[in-house]
Amino acid sequence: MSATLEEIQNFKGKYPKQLWYLFFSEMWERFSFYGMRGMLVIFMVSQLMMDEKTANLQYGATQAFVYAFTFIGGLFADKILGYRKSLFWGGLLMIVGSIILALDPKQFFFFGISFTIIGTGFFKPNISTMVGKLYKDDDNRRDAGFSLFYAGVNLGALIGGYICIAVANGNMFASYIPEHLRWNVAFGFAAIVMIVSLLTFTQTQKSMGEIGLSPLNHLEPSKKRTFEMVTYVGSLVIIPVIMTMVAKTEYTDYFMFVIGPASLLYLFYEMRNFSLAENKKLMAALVFIIFSIFFWAFFEQSGGSLSLFAANNLDNTVAGIKLDPNGVNNSANSLFVIAFAALIGMVWLWMNKRKIEPNTVVKFGLAFLFLAGGFYVFYYTKFFADASGRTSLDLFTFGWFVITFGELCLSPIGMSAMTKLSPQKTQAVIMGMWFLASAYGQYFAGLLGANIAEASENASNLDKLNVYADGYEQLAIYALVAGVILIAISPLVKKLMQDVK
C-alpha cells in the first residue's frame, strides 16, 4: 500500500525515508555525470588532438546544453511525463550514451555525448523537484533535507570525479587495464553506475505515493500515451541536431542567444496571471538566478581551464600522498562539501535560534566572497612554481577548500529558495531557469577558459602557469565585486521576498 502525500509529509524525525532513496539514486547518477565531466577536456586534448582553446569552448558548449536541457526536461515533466517517467527515460538515455562512449569514444564521441545531454535533461531537474515535494510548504526541515540530498550529489561526484579520470590517466588500476582500453573502461564506469542509479529508483518508487505521477492522468489512456510517445520519439529525433550543435560551437552561441531571452519572455507571460505579491517573489528569484550565472561561470572552470591547469602545472602529492592532480581538481570540492555541509547547516540553525541568521541574499553575497578567496589562492600558486612550471597541489587543494564554503552558501540554499519563491504552477519553470542559469554559467566558463588558453598558446609551461594564474586573479576580483554588490542590495531583495526567509 503506497502512502498518501499527507502521510509522507507528516514524517517524524529529521528526514523522510523517501529522501534516502532519492539520495542514492541521485548519488550514482552524479558519479556518472561528474566522472564524464572530468574526462571531457582532457580527452579532447589528449585523444581528439584539439587545441586547448577549442577544447574549452567545446566543454562550455557540452555543459551548457546539459543544463539548458534540464529546463526543457523540467517543462516536459511538468506538462506531460510527470517526474517519474521523466527520470526513468532520462536515465535510459544516459546509459545508452555512456555505453556508446565506452565502446568507441574516439569514433562516437559527439554521438555518445548527445545521448547523455538529453538524458541528463530529463533526469536532473525532476529528482530535485521530488525532494521538494516530500515537505509541506512551511516545513522548516526542508533546508536540512536539501542539504542532505546535496551531500548525496557530492558523494557521487567525489567518487566518480576521481575514479574515472584517474583510470583514464593510468593513475588507478593501471596494472589491470591495458593502456589502449583505459578511456573505454573509464567511460564504462559511467554506464555501470547509471544502471545502479536507475534500478535504485525503480525499486523504491512505490514509496513515493502520488509524488511525480503523470500530470495527464485525467486524460483517456490512449491520448495520454500519444503525448508520451511523441515526447520520447522527439527526444530521440533531436539527437543529430544536438550532435551538430555541440560539435560546432558557433551553433551553441546562437542557441544561448535564444533560449535565455525566450525563457524570460515565457516567465513574464506566465506572470500576468499572478498577484503582485507573487510577482515580487518571482522578481527576487530572478535576482538569484542572474547572480548564480556569474557564480557558475567562475566555479565551472573546474571542468575546463582548471582541468588543463591541473594536467600541465600541478605536482601529484597532497599532504605527501601521491594522487592524480586531475582527480583532485574534480573531486576535492565534493569531499569538502561532504565534510562541511552538515556543519554549515548546523551553523545556520544555531544562528536562526539566536535570530542572527543572515538572509538568503547575504548568504549569496558571502558565496561570492569565498569564491574570490579561492581564486586568489589559485592565482597565488604561481609563487610556488619550480622551473618546469609545476606548482603545489596542496595549495591548489586549499583553494578548493575555500571555494566550497562559497558553494555551500549558494547552491543548496538557492534550490530551496527557488521552490519557496515560485507559485505552484511555475515551480518546474523556475527550477528549470535555475538550471538554465547554470547553463549560461557553463557557457561563459568555456569562453573564459578559452580566453585564458588562447593567451597561453605556444608558451613554455612556466609562462603558461603565469597566464593561467593571472586569469584566476582577474576572476577573483570580479567575484569580490559581485559579492559586495549583492550584500549592498540585500535589503531591497529582502523586501521583494516578503515572508520568504
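The values are calculated or read from the model by the stated rules, or taken from the named source; none is laboratory data. Treat the numbers as computed from the prediction; the structure is a model and nothing was measured. Every residue, glycine among them, receives a Cβ derived from its backbone with ideal geometry; neighbour counts consider all protein chains shown. For the accessible areas, the whole protein counts, side chains as well, though only heavy atoms, and no ligand, DNA or RNA atoms are used. Shrake-Rupley method; radii C 1.70, N 1.55, O 1.52, S 1.80 Å.
Using the structure shown, select from 355/494; 281/501; 85/124; 14/355; 425/501; 136/501 the pairs with a Cα to Cα distance greater than 19 angstrom.
On the way: 355/494 16 Å; 281/501 11 Å; 85/124 12 Å; 14/355 21 Å; 425/501 21 Å; 136/501 15 Å.
Where the Cα-Cα span goes over 19 Å, the pairs concerned are 14/355; 425/501.
Under the rule a/c < 1.5 gives rounded, and otherwise a/b versus b/c splits prolate from oblate, where does region 248-299 land using the Cα gyration tensor?
Values: a/c = 6.41, a/b = 1.60, b/c = 4.00.
Judged from the Cα gyration tensor, region 248-299 comes out oblate (a/c at least 1.5, b/c at or above a/b).
With a cut-off of at most 10 other beta carbons within 10 Å, and DSSP calling the residue loop, which chymotrypsin sites (Phe, Trp or Tyr not before Pro) in region 320-368 qualify? Please list them. Working shown, then result.
Working: sites: 336, 340, 348, 350, 364, 368; in loops: none.
Hits after loop and neighbour filter: nothing returned.
Heavy-atom accessible area of residue 233 with all protein chains present, probe 1.4 Å, nearest 10 Å²?
Spelled out: residue 233, probe radius 1.4 Å, area about 80 Å².
Compute and list, largest first, the equivalent-ellipsoid semi-axes of the chain from the alpha carbon gyration tensor, each √(5λ) rounded to a whole angstrom. Mind showing how you got there, number by number?
Details: eigenvalues 233, 151, 94 Å².
Here the semi-axes work out to 34, 27, 22 Å.
How about region 139-219: which chymotrypsin sites (Phe, Trp or Tyr not before Pro) there are in a DSSP loop, with at most 13 other Cβ atoms within 10 Å of their Cβ?
Details: sites: 146, 149, 150, 162, 173, 176, 183, 187, 189, 201; in loops: 173, 176.
Hits after loop and neighbour filter: 173, 176.
Quick one: with all protein chains in place, what share of the accessible area of the chain is carbon or sulfur, to the nearest percent (1.4 Å probe)? Before the final figure, lay out each step's value.
Working: 13310 of 20110 Å².
It is 66 percent, rounded to a whole number.
Residues with amide H under 5 Å of residue 318's amide H, sequence separation 5 or more or different chain, H placed in the peptide plane at 1.01 Å from N; which?
The answer is 323.
Given contacts defined as C-alpha pairs under 8 Å and at least six residues apart, what's the relative contact order of the chain, whole-number percent? Walk me through the numbers before you get to the answer.
Numbers: 806 pairs, mean separation 126.5, N = 501.
Worked out over the chain, it gives 25 percent.
Might you tell me the accessible area per residue for region 250-500, computed with a 1.4 Å probe and given in Å²?
On the way: 10120 Å² over 251 residues.
Value returned for region 250-500: 40 Å² of accessible area per residue.
Please calculate the 1.4 Å probe accessible area of residue 141, with all protein chains present, and give it to the nearest 10 Å².
Residue 141 has an accessible surface of roughly 70 Å² with all protein chains in place.
What figure, in Å² to the nearest 10, do you get for the accessible area of residue 104 with a 1.4 Å probe and non-protein molecules left out?
Counting only protein heavy atoms, residue 104 exposes about 50 Å² to solvent.
At 222 nm, what value in deg cm²/dmol follows for the chain if DSSP H runs of at least 4 each add -39500 (n - 2.57) and the sum is divided by all its residues, to the nearest 500? List each step's numbers first, then the result.
Numbers: 17 runs with 384 residues, N = 501.
For the chain, the value works out to -27000 deg cm²/dmol.
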